[in-house]
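*Asks:* Provided herewith is a single structure, encoded as structure tokens, for subsequent inquiry.
The values are calculated or read from the model by the stated rules, or taken from the named source; none is laboratory data. Because the structure is a prediction, the values reported are computed rather than measured. Here the Cβ positions follow ideal geometry from the backbone for every residue, glycine too, while neighbour counts run over all protein chains shown. Side chains included, ligands, DNA and RNA excluded: accessible areas come from the protein's heavy atoms. Shrake-Rupley method; radii C 1.70, N 1.55, O 1.52, S 1.80 Å.
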Amino acid sequence: MPIISTPAILLRRIDYGDHDLIVTLFTFDGGKISAIAKSAKKSTKRFSGVLEIFSVLNVVYRTSQRKGLPVLQAAALKHPFQHIRGDIKKTAYASYWAELINQWLEEGEKQVQLYLLFQQVLDKLDQDHLPEETLSILFQMRFMKLSGFYPNLEHCSVCRTGMEKMRKNRITFDLVKGGLLCEKCISGSLNKRSLSKGTIKQLRWFESGDWTKAERIRFSLPAIQEGQEFLEAFVPYHLGKEPRSLKFLRRLRNDQ
Amino acid sequence: MGYYPTPVVHLIQNISKLPGIGEKTAERLAIYLLGVPRKEAEQLAGSILEVKDKIRLCSRCFSLSDNPVCDICSNPTRNETLLCVVEQPMDMVAIEKSGSFLGVYHVLQGVLSPMAGVGPDHIRIRELISRIEEGTVKEVVIATGTDVEGEATASYLAERLRKRPIKVSRIASGIPMGGELQYVDQVTLKRAMEKRHDL
């Protein structure tokens, strides 16, 4: 029974019986795994205060040759991200991203780039380097790129007319096709969104722009709002399920 | 299971529905119950029915009660200006056992959890706000857990109560009595160090 040691981010935890936890970990070396942390709820030494969602850990787990779940042997806390857990808005955003990753990843599928992206956005969120909304757009654009369902924001999905050549400032985006539609090709599409050229350009920047520059750029607020609404419709549509955290996030926004 | 008579099978099935009890334990408990005197079995069955019939939530604090208003809320010696917010009735009992608090409580009946889909409308936050709006409460002590959900709930409540003319405090966290420093996580240690006190 091999023992594996790897950095990991805790995506989810659920109670199992009176004392145990089942944790879903996004590991650096082995992608997503679910493991059982025995006696985690009563342990004052091994797991005390460590197994909290979004925390970056160094974990050691033993895989089972039989059908059972891997068993978590040890976990050391590397980054607790305590400012995230002390802020309901940050917690809601981090929960949304964690749910997207958890829903999309298959068990045991190594995803180093996505791991690094998630750790980086959590770090920025914790340190207040960028507004939550901006970080969320940045995460979703790069998440889609890495996951293979990046939207076509360059040209019409039907006739391939470039976005710059489209006359109107507002351009239609087809959620089903996953791309832009020019004025001539709009008909027949039911699941549409309208985006301004400015929002589209800003979204394209978020996919590949420099993180360090993002902290200095003043993004247009209407474009951030429009981009956020668009991504929060497009990403869950292509994952096939709306994350629960997204409903929570919308409720929080209504409160403010 | 097929080896037991049907009533025993039913008993095993019902016991195994209890949290943390698997089929093996349920089997052992069922065989034990078969061996106890009838009076003892009747007392157990009666107790279960009694709590189902008599126990309700206190209309003030939402803790468990056998009256419309619980003993703590109806006790005139408790300090009504000091309100402690907890997640569950068991948390309230834990604080009561410590003997350290003489105010009144508000049980949220849960905790905010974005991933579990538990939002502000699913727990007793609206009732807490209404209670504070009555004007008696001068300080709210938020005693939700220190896990992510508990901390996030505390943050949400603090934000909602920020503009009101009351003091809002958070229960302290630190090194447990008898705890060894080497096993304490760094978040707890940091907080314990920040909140150190003079001797």
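*Asks:* So if I take the alpha carbon set of segment A:3-80, get Rg, then get Rh from the Kirkwood formula, what is the Rg over Rh ratio?
*Replies:* Reported Rg/Rh, Kirkwood definition of Rh: 0.92.
*Asks:* Run the numbers on segment B:7-35: which residues show a drop of 10 Å² or more in accessible area, chain on its own versus all protein chains together, using a 1.4 Å probe over heavy atoms?
*Replies:* Relative to the lone chain, where solvent access is computed with a 1.4 Å probe, segment B:7-35 loses at least 10 Å² at B:P19, B:G20.
*Asks:* Can you tell me which lysines have their Cα less than 17 Å from the Cα of B:K163? Leave out same-chain residues fewer than eight positions away.
*Replies:* B:K138
*Asks:* Just check the protein assembly as shown against the gyration tensor rule for me: Cα atoms, a ≥ b ≥ c as the square roots of the eigenvalues, rounded for a/c under 1.5, and otherwise prolate or oblate depending on whether a/b exceeds b/c.
*Replies:* Note, shape of the protein assembly as shown comes out prolate.
*Asks:* May I ask for the net charge around A:D255, where only other residues with Cβ less than 9 Å from the Cβ of A:D255 are counted and Lys, Arg are +1 while Asp, Glu are -1?
*Replies:* Values: positive: A:R251, A:R253, B:R160; negative: B:E159.
Spelling it out: positives minus negatives among the neighbours equals +2.
*Asks:* Once the other residues with Cβ under 9 Å from the Cβ of A:K197 are scored (Lys, Arg +1; Asp, Glu -1), what is the net sum?
*Replies:* Net of charged neighbours comes to +2.
*Asks:* Pull up the cross-link candidates among the lysines for A:K165, meaning alpha carbon to alpha carbon under 19 Å and not fewer than 8 places away within one chain.
*Replies:* A:K165 reaches A:K184, A:K197, A:K201.
*Asks:* Within 10 Å of each Cβ of B:106-119, how many other protein chain Cβ atoms are there on average?
*Replies:* Average per residue, whole number: 5.
*Asks:* For the protein assembly as shown, give me the percentage of DSSP beta bridges that are antiparallel, rounded to the nearest 5 percent.
*Replies:* 70
*Asks:* I would also like to ask the following. For segment A:135-256, build the charge dipole from Cβ charges (+1 Lys, Arg; -1 Asp, Glu) around the Cα centre, then report which of A:L175, A:S187, A:F139 sits farthest towards its positive end.
*Replies:* A:S187
*Asks:* Using the Cβ atoms and a cut-off under 9 Å, what net charge is assigned to the surroundings of A:M141, where Lys and Arg are +1 and Asp and Glu are -1?
*Replies:* Values: positive: A:R142, A:K145, A:R204; negative: A:E207.
Net charge in that neighbourhood comes out at +2.
*Asks:* Next up: Please report, in whole Å, how far the alpha carbons of chain A spread along each principal axis, starting with the longest.
*Replies:* 64, 38, 32
*Asks:* How large, in percent, is the carbon and sulfur part of the accessible surface of the protein assembly as shown at a probe radius of 1.4 Å? Walk me through the numbers on the way to the answer.
*Replies:* Working: 12700 of 24600 Å².
Answer for the protein assembly as shown: carbon and sulfur cover 52 percent of the accessible area.
*Asks:* If you line up the long axis of helix B:148-161 against the longest principal axis of chain B, both from Cα atoms, how many degrees apart are they, to the nearest 10?
*Replies:* 50
*Asks:* A further question on this structure: Which value, in square angstrom to the nearest 100, describes the accessible area buried between chains B and A on both sides, using a 1.4 angstrom probe?
*Replies:* On the way: alone 13770 and 13210 Å², together 24600 Å².
Roughly 2400 Å² of accessible surface disappears when B and A pair.
*Asks:* Mind listing which trypsin sites (Lys or Arg not before Pro) in segment A:143-205 are in a DSSP loop and have 13 or fewer other Cβ atoms within 10 Å? List each step's numbers first, then the result.
*Replies:* On the way: sites: A:K145, A:R160, A:K165, A:R167, A:K168, A:R170, A:K177, A:K184, A:K192, A:R193, A:K197, A:K201, A:R204; in loops: A:R160, A:R167, A:K168, A:K177.
Here the trypsin sites (Lys or Arg not before Pro) that fit, given the DSSP loop and packing criteria, are A:R160, A:R167, A:K168.
*Asks:* Can you give the helix-only mean residue ellipticity at 222 nm for chain B, where every DSSP H stretch with n ≥ 4 adds -39500 (n - 2.57) and the sum goes over all residues, rounded to the nearest 500 deg cm²/dmol?
*Replies:* The helix contribution divided over chain B gives -12500 deg cm²/dmol.
*Asks:* Which lysines, if any, have their Cα less than 18 Å from the Cα of A:K110, not counting same-chain residues under 8 positions apart?
*Replies:* Here the lysines satisfying the reach criterion relative to A:K110 are A:K32, A:K145.
*Asks:* Could you list the trypsin sites (Lys or Arg not before Pro) in segment A:56-131 that lie in coil according to DSSP, counting only those with at most 10 other Cβ atoms within 10 Å of their Cβ? Before the final figure, lay out the partial values.
*Replies:* On the way: sites: A:R62, A:R66, A:K67, A:K78, A:R85, A:K89, A:K90, A:K110, A:K124; in loops: A:R66, A:K67, A:K110.
Passing sites in segment A:56-131 are A:R66, A:K67.
*Asks:* With a probe of 1.4 Å, find how much accessible area segment A:105-211 has per residue, and write the answer as a whole number in Å².
*Replies:* 48
*Asks:* Let me ask another. Under the rule of at least 5 residues apart or a separate chain, name every residue whose amide H is placed under 5 Å from the amide H of A:E154.
*Replies:* A:L180
*Asks:* Could you give the semi-axes, largest first, of the ellipsoid that matches segment A:126-255, computed as the square roots of 5 times the alpha carbon gyration tensor eigenvalues and rounded to whole Å?
*Replies:* For segment A:126-255, the semi-axes come out at 25, 18, 14 Å.
*Asks:* Please sort by residue number the GluC sites (Glu not before Pro) in segment A:200-253 whose DSSP state is loop and whose Cβ has at most 11 other Cβ atoms within 10 Å. Could you put the intermediate results ahead of the total?
*Replies:* Working: sites: A:E207, A:E215, A:E226, A:E229, A:E232; in loops: A:E215.
Here the sparse-neighbourhood loop sites are A:E215.
*Asks:* Show me the three semi-axes of the equivalent ellipsoid for chain B, from the C-alpha gyration tensor (sqrt of 5 times each eigenvalue), largest first, rounded to whole Å.
*Replies:* Result for chain B: semi-axes of 39, 24, 17 Å.
*Asks:* Let me ask something else about it. Take chain B, connect every pair of alpha-carbon atoms lying under 10 Å apart with a spring to form a Gaussian network, then pick out the residue of B:K138, B:K54, B:K24 with the largest mean-square fluctuation.
*Replies:* Result for chain B, Cα springs under 10 Å: B:K24 fluctuates most.
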